[in-house]
Structure formats: structure tokens, C-alpha cells
Amino acid sequence: MSFPCTACGKCCQRVNLSEKTAFLDRGDGICQYFNLETNLCNIYANRPLVCRVEDYYKTYLSHLYEWDEFVKINRDICSKL
């Protein structure tokens, strides 16, 4: 099952809130690669690992959480953004 992203852009507009994504901040909390007109990533095919949810999960978190639990945690975070 793939991550149920709706491409709302909320996480891309708040990269300053996490130490894992802060390096993407263009100075106002918005990712330097986020396109405000299209609500999409300008470097989607080459985005950093932290932005590739499934790959990041497999690399760093799969030993801590089952996939369904990980999705629920992230959906809860998304709803708070």
C-alpha cells in the first residue's frame, strides 16, 4: 500500500517545523522546491529521502512501526498542520 498523500502541500509549507526537513527551508518555512502555483514539488523525481515517504519508512522506521501504524501517525500529523 502506498502512502495516501493528497498533495495538499501542508508539509512542504512547514519544513521549518522538523529538524529533518529544516535544510529545505527557503527562509519562510516553505520548502525551496515547492511550487506555490501548482502545489507540487519542482524536483519530485529527485527529491531528498526525507520527502520520499515509503523509502524513508523502509530505511529508518520499518523496524519501529508497522506500515499501518506509521500511516496513522502521519495522517494525524497532517491533520494538525
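First select every other residue whose beta carbon is under 13 angstrom from the beta carbon of Q32; then total the charges, Lys and Arg +1, Asp and Glu -1.
In short, 0.
Under the rule of -39500 (n - 2.57) per DSSP H run of 4 or more residues, summed and divided by the residues of the chain, what mean residue ellipticity at 222 nm is obtained, to the nearest 500 deg cm²/dmol?
-6500 deg cm²/dmol
Pairing the Cα long axis of helix 67-80 with the longest principal axis of the chain, what angle in degrees results, from 0 to 90 and rounded to the nearest 10?
It works out to around 40 degrees.
Rounded to the nearest 20 Debye, what is the dipole magnitude of the range 15-63 about its Cα centre when Lys and Arg each give +1 and Asp and Glu each give -1 at the C-beta? Walk me through the intermediate numbers first.
Numbers: 5 positive and 6 negative charges, 32 e Å.
About 160 debye.
Apply the Karplus curve 6.51 cos²θ - 1.76 cosθ + 1.60, θ = phi - 60°, to the phi angles in the range 28-34 and return the couplings in whole Hz, x for Gly and Pro.
10, x, 8, 4, 5, 9, 7
Taking square-rooted eigenvalues a ≥ b ≥ c of the alpha carbon gyration tensor, is the range 1-60 rounded, prolate or oblate, where a/c under 1.5 means rounded and, failing that, a/b exceeding b/c means prolate?
Values: a/c = 1.77, a/b = 1.27, b/c = 1.39.
Verdict is oblate for the range 1-60.
In percent, how large is the relative contact order of the chain, given Cα pairs closer than 8 Å and 6 or more residues apart?
Values: 59 pairs, mean separation 21.1, N = 81.
26 percent.
C5 to H63: extension gain in nm, 0.36 nm per residue of separation minus the Cα-Cα distance? Show your work: numbers first, answer last.
Details: separation 58, 0.36 × 58 = 20.88 nm, distance 2.21 nm.
Extending this stretch completely gives an extra 18.7 nm.
Throughout, read-outs are computed from the coordinates displayed, never taken from laboratory work. Fair warning: this is a prediction, and the values are worked out from it, not measured in the lab. Glycine also receives a Cβ, built like all others from the backbone with ideal geometry; neighbour counts cover every protein chain displayed.
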